[in-house]
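Chemist: One structure follows; several queries about it will come next.
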Amino acid sequence: MDRVAAEEEIDYQHVGKGAVYLYRDEKDLELGLAKMELLAENGQRVRRLSTEELVALDRRLPGRPRSSPAQSTASPNATGNSEEFTRRLAEVCRDRFGSRSTSMSPPGAW
């Protein structure tokens, strides 16, 4: 997606600073890490953050753990306006190939 956006000069308000996920306790953290295995298997770096690392990212967070501290993981995730990206990509396809998109889902999907 990043490559297509760069090559086609699609501005979709992309922010690529990463993501931090907070969990209430160790059990929820382990469940979250299990769900992120798919990301890790596909090249995303997913790791646990210490309390010190978390506070260094955002000074508004408490600097000392509570009785059941919020654990965290970090991944180099990104966000953007997916509707804008899709609209602009459809324009690129129309201009380049003379095609017009009428749907973004396969026939019979809904």
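FYI, it's all coordinate maths here, none of it is from the lab. What you see is a predicted model, and the numbers here were worked out from it, not measured in a lab. Reconstructed Cβ throughout: ideal geometry from the backbone, glycine too, with neighbour counts over all protein chains shown.
Chemist: With label points built 7 Å along Cα→Cβ from the Cα atoms of residue 19 and residue 34, find their separation and express it in nm.
Modeler: 1.9
Chemist: Could you work out how far apart the two model spin labels at residue 99 and residue 78 are, taking each label as a point 7 Å from the Cα in the direction of the beta carbon, and quote it in nm?
Modeler: 2.3
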